[in-house]
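Enquirer: Provided herewith is a single structure, encoded as structure tokens, for subsequent inquiry.
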Amino acid sequence: MKEISVHAIRDALTKMVQDINVNYPSDIYELLQQANTQETNELAKNTLGILLENAEIAKQEKIPVCQDTGMAIVFLKIGQDVHLIDGDLTQAVNAGVAAGYEAGYLRKSVVDDPLYERINTKNNTPCILYTEIIPGEKVIIEVAAKGFGSENKSTLTMLTPADGEEGVIQTVLEAIKNAGPNACPPMVVGVGIGGTFDYAAVLAKKALLRDSRTPNNNPAYAKLEKKLLQLANETGIGPQGFGGDATALAINVEYFPTHIAGLPVAVNISCHITRHAKEVLS
Ligand code: SF4
């Protein structure tokens, strides 16, 4: 049995939320550079150049890449042979996120009661926390800082099995077209297929935390990702919605077994600064 202090998880998150808000993840930065190289529309190319310059300035000056510093989403994979010590895990996770947003002078965007009061909690917590038990003695921390310009354009649809691949493609494309410039394209799109109503959405979120340069390891789903990316880029929405080739940088699909009667599809839209990071404690 390995002992890991919740303070180590807290401290890792404090650094991670600051880092992802200032430094582009290497996968997204590389895809943005690639999009800039390949772009054929002059205005779009100019726009991509500005986004890359913005990324460089944020890194040099250690300031956030965007004013919307997002809501923190934390996925913890906890080894079943780990004993978490030194207190309450959920409190430690929220303390880590709060400390990071405070220390990094990051905008606090979380309100308590979502419907009536909507009072800012002033420390960007609570975060959204998912935990999963895995074999072994490690704790894997994954975090995203999700902006809501793009989150607001996400969808969840209960297709029928007869809708098949075509139904999935239509659903994803409709969400992308509906998002348009409001999702700050070029987008990264997480697609969750299967599971249940709720789990499809979790799959779509998980898809956004993946290295977007790496295709799904199931060749059929990798082919679907490629097809969806091509179709997304044929919409002509382009960087920031000004038109052009680069509407999406990546479409990441995650899937899970489902019921014989269903085909849930969640589309989690993200923007050109899809902030995510991973760290392993052992
Ligand atoms: S969607 Fe992304 S780029 Fe647009 S405002 Fe939100 S965080 Fe910033």
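Enquirer: Loop only per DSSP, at most 13 neighbouring Cβ atoms within 10 Å: give me the trypsin sites (Lys or Arg not before Pro) in segment 62-127, ordered by residue number. The partial results should precede the final answer.
Expert: Working: sites: Lys62, Lys77, Arg107, Lys108, Arg118, Lys122; in loops: Lys62, Arg107, Lys108, Arg118, Lys122.
Filter output for segment 62-127: Lys62, Arg118, Lys122.
Enquirer: If you count the DSSP beta bridges with both ends in the chain, what percent of them are antiparallel, to the nearest 5? Let's see the in-between values first.
Expert: On the way: 27 of 47 bridges.
Expressed as a percentage, antiparallel bridges in the chain total about 55.
Enquirer: Can you list, bin by bin at 5 Å, the percent of alpha carbon pairs in segment 149-274, starting at 0?
Expert: 2, 13, 24, 26, 20, 10, 4, 1, 0
Enquirer: Let me ask something else. Near Ile133, within a Cβ-to-Cβ distance under 13 Å, what is the net charge of the other residues, with Lys and Arg +1 and Asp and Glu -1?
Expert: Combined, the nearby Lys, Arg, Asp and Glu give -1.
Enquirer: All other residues with a Cβ under 12 Å from the Cβ of Asp19 taken together, and with Lys, Arg as +1 and Asp, Glu as -1, what is their net charge? Don't jump to the answer; show the numbers that get you there.
Expert: On the way: positive: Lys15, Lys59, Lys62, Arg275, Lys278; negative: Glu279.
Combined, the nearby Lys, Arg, Asp and Glu give +4.
Enquirer: Right, another one. Name the shape class, rounded, prolate or oblate, that the alpha-carbon gyration tensor gives for the chain, where a ≥ b ≥ c are the square roots of its eigenvalues, rounded holds for a/c under 1.5, and otherwise prolate holds if a/b is larger than b/c and oblate otherwise. Walk me through the numbers before you get to the answer.
Expert: On the way: a/c = 1.72, a/b = 1.22, b/c = 1.40.
Oblate, because a/c is 1.5 or more while a/b does not exceed b/c.
Enquirer: Separate question: At 1.4 Å probe radius, can you tell me the per residue accessible area of segment 149-274 in Å²?
Expert: Working: 5300 Å² over 126 residues.
So segment 149-274 comes to 42 Å² accessible per residue, rounded to a whole number.
Enquirer: Counting only protein heavy atoms and using a 1.4 Å probe, what share of the accessible area of segment 131-282 belongs to carbon plus sulfur, as a whole percent? It would help to have the intermediate numbers written out before the result.
Expert: Working: 3720 of 6580 Å².
So the carbon and sulfur contribution to the accessible surface is 57 percent.
Enquirer: Given an 8 Å cut-off on Cα distances and at least 6 residues of separation, report the relative contact order of segment 1-141 as a percent. Mind dumping the intermediate values first?
Expert: Working: 211 pairs, mean separation 51.9, N = 141.
Across segment 1-141, relative contact order equals 37 percent.
Enquirer: If we count every other residue with Cβ under 15 angstrom of Asn217's Cβ, Lys/Arg +1 and Asp/Glu -1, where does the sum land?
Expert: Details: positive: Lys206, Arg210, Arg213, Lys223, Lys226; negative: Asp211, Glu225, Glu254.
Local net charge: +2.
Enquirer: Considering only DSSP beta bridges with both partners in segment 149-274, what is the antiparallel share in %, to the nearest 5? Mind dumping the intermediate values first?
Expert: Details: 11 of 20 bridges.
About 55 percent, rounded to the nearest 5.
Enquirer: I've got another one for you. Taking every DSSP beta bridge with both residues inside segment 36-162, roughly what % is antiparallel (nearest 5)?
Expert: Working: 9 of 16 bridges.
Taking every DSSP beta bridge within segment 36-162, about 55 percent pair in antiparallel fashion.
Enquirer: Using a 4.7 Å Cβ cut-off, which Cys residues in the chain lack a partner cysteine?
Expert: Cysteines of the chain left without a disulfide-compatible partner: Cys66, Cys127.
Enquirer: Of all accessible surface on segment 1-100 at a 1.4 Å probe, what whole percent is carbon and sulfur? Walk me through the numbers on the way to the answer.
Expert: Details: 2380 of 4830 Å².
Carbon and sulfur together cover 49 percent of it.
Enquirer: List the pairs from Lys15/Lys153; Lys62/Lys177; Lys45/Lys177; Lys138/Lys223; Lys15/Lys62 whose alpha-carbon separation is above 22 Å, in the order I gave them.
Expert: Among Lys15/Lys153; Lys62/Lys177; Lys45/Lys177; Lys138/Lys223; Lys15/Lys62, the Cα-Cα distance tops 22 Å for Lys15/Lys153; Lys62/Lys177; Lys138/Lys223.
Enquirer: Now, a different point. Which whole-number percent gives the relative contact order of the chain, counting Cα pairs below 8 Å spaced six or more residues apart?
Expert: Values: 628 pairs, mean separation 74.4, N = 282.
Result for the chain is 26 percent.
Enquirer: In whole Hz and in residue order, list the ³J(HN,Hα) couplings for segment 34-48 that follow from phi through the Karplus curve 6.51 cos²θ - 1.76 cosθ + 1.60, θ = phi - 60°; x for Gly and Pro.
Expert: Residue by residue, segment 34-48 yields 4, 4, 5, 5, 8, 5, 9, 8, 4, 5, 5, 5, 4, 5, 4 Hz.
Enquirer: Using Cα springs under 10 Å in a Gaussian network model of the chain, which residue among Leu224, Leu84, Leu51 shows the largest mean-square fluctuation?
Expert: Leu84
Enquirer: List the relative contact order of segment 169-242 as a percent without decimals, with contacts defined as Cα pairs under 8 Å and 6+ residues apart.
Expert: That works out to 47 percent.
Enquirer: Taking 0.36 nm per intervening residue step and subtracting the Cα-Cα distance, what contour gain separates Asp88 from Lys59 on full extension?
Expert: Details: separation 29, 0.36 × 29 = 10.44 nm, distance 3.39 nm.
Gain on extension, Asp88 to Lys59, equals 7.1 nm.
The values are calculated or read from the model by the stated rules, or taken from the named source; none is laboratory data. Bear in mind the structure is a predicted one, so any value in this text is a computation, not a measurement. Methodologically, a virtual Cβ is constructed for each residue, glycine included, from the backbone with ideal geometry; neighbour enumeration extends over all protein chains shown. These accessible areas exclude ligands, DNA and RNA; they are computed on the full protein's heavy atoms, side chains included. Shrake-Rupley method; radii C 1.70, N 1.55, O 1.52, S 1.80 Å.
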